[in-house]
Amino acid sequence: MFIYIFNIIEESALSILTILEFPDERLRKIAKPVKSIDSSIQKLIDDMLETMYYNGGIGLAATQVNVHLRLLVIDTSEEKDAPICLMNPEIIHKDGEFEYKEGCLSVPESYEKIVRPSHIIVKGLDRNGVETEIEANDLLSTCIQHEIDHLDGKLFVDYLSPLKRQRIKTKLEKMHRLEGKE
Ligand code: NI
């Protein structure tokens, strides 16, 4: 009985996952489609949301936690009470332009203006594996595109000039050395 209860607690306990940081090469891997939605995927989604909220992010792609599956979580709401989960996302329409000063949990302490399409329609699977379509504008649109980029091994710094990108890389490498991450 005790063991049984313990197991339930153990299974439902959330974990804060380690986020890979630029220029870690694992952030360059191309993620594979999610094929089956089982309890381990559900746990990953919950852990990713927890990790995103814990770090004050508005989006997180599985690639960033070193899981190379096409899965992302987002919450751009003020109250942090509107989590979105999208698997195997595919942008089927985009138009317009929107500029936003983007940041990334994998590129700490750097924020740069990036221009992306302002309006998108994306299809994919929700956390239950049900086909879904999301129409997004401005911040949510930017966020979804930023996270899909992660699944393709792309980072927002790739949109910057080589000089700016190098500056960010040098800064983070120095930070990692100081933190003993290297
Ligand atoms: Ni990011």
**Study point:** Total residues in segment 12-60, condition within 14 Å of the ligand (Cβ to nearest atom), in a loop (DSSP other than H, G, I, E, B) and among the small types (Gly, Ala, Ser)
**Key:** 3
Practice item. Could you tell me whether any residue of segment 54-70 is out of contact with any His (no Cβ under 9 Å at 6 or more places or on another chain), surrounded by 17 or more Cβ atoms within 10 Å (Cβ to Cβ) and closer than 14 Å to residue 149 by Cβ? Key: yes
Review point. Taking residue 15 and the conditions (1) within 24 Å of residue 121 (Cα to Cα); (2) free of Cβ contacts under 8 Å to residues at least 60 places away in the same chain, which numbered condition does it fall short on, given that it satisfies the others?
Key: (1)
Review point. Do we have residue 109 as free of Cβ contacts under 8 Å to residues at least 60 places away in the same chain and out of contact with any Pro (no Cβ under 8 Å at 6 or more places or on another chain) here?
Key: no
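Residues checked against (1) closer than 23 Å to residue 73 by Cβ; (2) within 15 Å of the ligand (Cβ to nearest atom); (3) of a type in the set (Val, Ile, Thr):
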position: 106; (1), (2), (3): yes, yes, no
position: 114; (1), (2), (3): yes, yes, yes
position: 127; (1), (2), (3): yes, no, no
position: 131; (1), (2), (3): yes, no, no
position: 142; (1), (2), (3): yes, yes, yes
position: 155; (1), (2), (3): yes, yes, no
position: 163; (1), (2), (3): no, no, no
position: 171; (1), (2), (3): no, no, no
Practice item. Give 110, 118 a once-over and let me know the one that is within 16 Å of the ligand (Cβ to nearest atom) and open to solvent by less than 70 Å² (accessible area, probe 1.4 Å). Key: 110
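Go through 164, 174 for me and flag whichever is open to solvent by 30 Å² or more (accessible area, probe 1.4 Å) and free of Cβ contacts under 8 Å to residues at least 40 places away in the same chain.
174
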Exercise for review: Return the pairs, sorted by first residue and then second, in which the second residue is within 16 Å of the ligand (Cβ to nearest atom) and open to solvent by less than 100 Å² (accessible area, probe 1.4 Å), the first residue lies in segment 89-104 and is modelled with pLDDT of 95 or more and polar (S, T, N, Q), the beta carbons are less than 7 Å apart, and the residues are 6+ apart or on different chains.
Suggested key: none
Check your understanding: Scanning for something in contact (Cβ under 8 Å) with a residue 40 or more places away in the chain, within 19 Å of residue 158 (Cβ to Cβ) and crowded, with 20+ Cβ neighbours inside 10 Å, does segment 77-85 turn up at least one residue?
Key -> no
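The values are calculated or read from the model by the stated rules, or taken from the named source; none is laboratory data. Quantities reported herein were computed from a predicted structural model and do not represent experimental measurements. Cβ sites come from the backbone with ideal geometry, for glycine too, and all protein chains shown count toward neighbours. These area figures cover heavy atoms from the full protein model, side chains too; ligands, DNA and RNA do not enter into them. Shrake-Rupley method; radii C 1.70, N 1.55, O 1.52, S 1.80 Å.
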